[in-house]
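Heads up, the thing below is written out as structure tokens.
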Amino acid sequence: MNSHIIEVAPGAPQKLARAWLWMGLMALIGSGLLAILLVLSRTPGIQDVFPLKGFFRAALVVHVDLSVAIWFMAFAAVIWSALGRAAHAWLGWAGLGLAALGTALMTVSPFLPGAEPVLNNYIPVLQQPFFHASLWICGAGFALAVLRALLTTWPRPAFGAPLQTGAFLGAVAAFLALGAFIWSFLIVPRSPEIEDKLYFEVLFWGGGHTLQFQHALLMVVAWLWIGSALGKGMDDTPRALSAMFWIAALPLLVVPAIYLTIPAGELPHMELFAKLMIWGHPYMAPLILAGLLALWAVRGAPASGAKSAFVASFVLFATGGVLGYMIQGANVVIPAHYHGSTVGVTLAFMGLAYVLLPRLGYGEVDGAMARWQPYVYGGGQLIHILGLAWSGGYGVQRKVAGAEQALTTLPQKIGMGMMGAGGLIAVIGGIMFVLVLLRLMLKKRG
Ligand code: HEM
């Protein structure tokens with residue numbers, strides 16, 4: 001077993017990675033706090049007395065956007081900054097400034113007048129000018145970060161630097177997703193006859209599906225980086241790993257092809273993107289296998305937060321993948337799949353954060369809290385998604401709270417009880433992550 005420590009270059013790479021990590025952490029805190037409201041509004045018994053369930057829909061909008069949009073994009077920028085060259089730093093700082101401003105506006109907008117929630121998929125919205133402005137400002141900020149990533153992570157050589165290749169192809173997916181959002185905005189008609197939910201569903205459909213490739217590619221970058229920090233270097237297979245990243249990104253070529261052949265908003269356009277998930281994600285299989293082999297290779301490594309995160313991430317992502325193929329109808333099996341996959345990605349990013357802190361000038365991550373945090377977060381989420389999947393099997397609907405859930409049968413109540421218990425355990429795991437990071441990030445750097 002050869003070890004290969006991947007350092008982060010001083011100057012812009014370290015400084016920008018630190019700044020984006022702060023931003024990502026703030027978004028994760030916001031999303032986690034809102035998750036408490038969501039869980040308590042849907043837990044049998046508690047739902048009847050929980051005073052804030054009236055905010056469920058607005059909280060769901062901001063929970064999803066702070067987690068899937070902001071946390072994921074901010075951590076992607078951590079990876080792009082850490083693996084990228086030092087050039088064009090101004091693009092990074094301008095992007096960060098705009099994204100931070102947009103996120104602050106997004107977070108306060110539910111408390112401003114006229115915040116009518118629209119629960120479409122991918123990027124749900126609050127029908128309110130402040131919130132719309134926050135989306136445009138965030139979009140502009142992340143577009144600058146993606147542009148810098150394309151300019152600074154281009155792998156040299158193209159088949160010799162697997163992490164750079166994964167990071168670069170993640171940026172390509174982000175670029176295509178942002179392009180899809182703008183293309184849909186320009187051509188999807190906005191008229192009073194079309195109800196808001198349908199309009200925003202169509203608007204974010206293409207880009208939302210494309211972003212999933214970014215998240216999955218960067219999750220494997222995080223797995224391999226953690227593996228290398230734990231002793232499983234990539235020196236013996238750099239070309240094979242790079243090739244696997246290029247193969248996994250091949251389905252992205254379909255994105256512009258769909259837009260060029262079938263206008264956004266037409267049913268076949270929506271169906272083709274749904275099919276792109278079913279037929280496109282299997283191209284990730286060689287990379288997922290490489291991740292499993294790396295996990296197996298580090299099984300003997302000493303216990304650490306990074307190792308626990310690698311294990312928990314793989315288990316959650318695999319479970320989410322299986323649940324994805326079990327979706328039938330619009331019930332809570334869908335959020336079960338979402339949380340398996342997105343929390344699998346989140347745990348990989350948490351583990352990489354543990355590896356990166358000392359390479360960004362902060363202290364070494366150690367201690368029982370860091371070692372156990374991923375198992376508490378991942379274990380809680382596993383109970384949460386199994387509760388959602390079980391309840392979905394008994395017809396419990398998604399995105400409704402309190403009495404509106406109509407939980408009448410014992411199996412439904414048991415399932416949603418599991419959802420509640422698991423969700424709260426996961427929130428505790430989330431708080432542990434924030435405490436481990438803040439304790440080191442608030443300390444004066446060496
Ligand atoms: C402490 C961890 C978390 C808990 C307890 C939690 C809890 C919840 C709950 C209860 C819902 C509402 C489900 C419904 O009513 O249909 C929800 C929705 C959602 N959450 Fe989370 N969540 C957590 C973390 C995350 C993370 C890290 C992500 C992504 C990075 C995420 C993405 C989503 C998405 C996309 C939805 C919408 C689901 C749908 O459209 O059906 N969540 N979450």
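The values are calculated or read from the model by the stated rules, or taken from the named source; none is laboratory data. Keep in mind that this is a model prediction, so the values were computed, not measured. Backbone-built Cβ (ideal geometry, glycine too); neighbour counts: all protein chains shown. Surface accessibility is based on the protein's heavy atoms, side chains included, excluding ligands, DNA and RNA. Shrake-Rupley method; radii C 1.70, N 1.55, O 1.52, S 1.80 Å.
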Of (1) more than 16 Å from Gly344 (Cα to Cα); (2) open to solvent by less than 30 Å² (accessible area, probe 1.4 Å); (3) more than 10 Å from the ligand (Cβ to nearest atom), Val396 satisfies every one except (3)
Index of the failed condition, Ala421 passing every other in (1) out of contact with any helix residue (DSSP H, G or I) (no Cβ under 9 Å at 6 or more places or on another chain); (2) within 15 Å of the ligand (Cβ to nearest atom)
(1)
I'm trying to understand the selection: among the residues of the stretch 327-351, which are polar (S, T, N, Q) and part of a helix (DSSP H, G or I)?
Ser341, Thr342, Thr346
Is it true that some residue in the stretch 371-379 is more than 16 Å from the ligand (Cβ to nearest atom), within 25 Å of Ile123 (Cβ to Cβ) and open to solvent by 40 Å² or more (accessible area, probe 1.4 Å)?
no
When Leu34 is evaluated against the numbered criteria (1) near the ligand (Cβ under 10 Å from one of its atoms); (2) in contact (Cβ under 8 Å) with a residue 40 or more places away in the chain; (3) open to solvent by 20 Å² or more (accessible area, probe 1.4 Å), which criterion, by number, is the only one it fails?
(2)
Selection status of Tyr362, farther than 30 Å from His209 by Cβ, crowded, with 17+ Cβ neighbours inside 10 Å and of a type in the set (Phe, Trp, Tyr)
yes
Pairs, please: C-beta under 6 Å, at least 6 apart or cross-chain, first residue assigned to a helix (DSSP H, G or I) and in the stretch 42-61, second away from the ligand (no atom under 13 Å from the Cβ) and open to solvent by less than 80 Å² (accessible area, probe 1.4 Å)?
Ala58/Pro110; Ala58/Ala115; Val61/Leu126
What do you reckon, is Pro238 modelled with pLDDT under 95 and over 19 Å from Ser184 (Cα atoms)?
yes
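Conditions (1) over 16 Å from Gly170 (Cα atoms); (2) of a type outside the set (Lys, Arg); (3) open to solvent by less than 10 Å² (accessible area, probe 1.4 Å); (4) not in a helix (DSSP H, G or I), marked per residue:
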{"site": "Ala69", "(1), (2), (3), (4)": "no, yes, no, no"}
{"site": "Phe75", "(1), (2), (3), (4)": "no, yes, yes, no"}
{"site": "Ile79", "(1), (2), (3), (4)": "no, yes, yes, no"}
{"site": "Ala82", "(1), (2), (3), (4)": "no, yes, yes, no"}
{"site": "Thr107", "(1), (2), (3), (4)": "yes, yes, no, no"}
{"site": "Ala140", "(1), (2), (3), (4)": "yes, yes, no, no"}
{"site": "Val146", "(1), (2), (3), (4)": "no, yes, yes, no"}
{"site": "Ala149", "(1), (2), (3), (4)": "no, yes, yes, no"}
Given the conditions (1) surrounded by 13 or more Cβ atoms within 10 Å (Cβ to Cβ); (2) under 21 Å from the mean Cα position of the chain (by Cα), and given that Ala274 satisfies all but one, which numbered condition is not satisfied?
(1)
Take the residues in the stretch 109-138 that are assigned to a helix (DSSP H, G or I) and not hydrophobic (A, V, I, L, M, F, W, C), then tell me which one is nearest to Val202 (Cα to Cα).
His132
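Looking only at the stretch 84-102, count how many residues are open to solvent by 20 Å² or more (accessible area, probe 1.4 Å) and part of a helix (DSSP H, G or I).
Just the residues of the stretch 84-102 that are open to solvent by 20 Å² or more (accessible area, probe 1.4 Å), to begin with: 85-90, 93-94, 96-98, 100-101.
Now narrow it down to the ones that are part of a helix (DSSP H, G or I): 89-90, 93-94, 96-98, 100-101.
Number satisfying all stated conditions: 9.
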Take Arg57 and decide whether it is closer than 26 Å to Phe200 by Cα, open to solvent by 40 Å² or more (accessible area, probe 1.4 Å), among the basic types (Lys, Arg) and within 11 Å of the ligand (Cβ to nearest atom).
yes
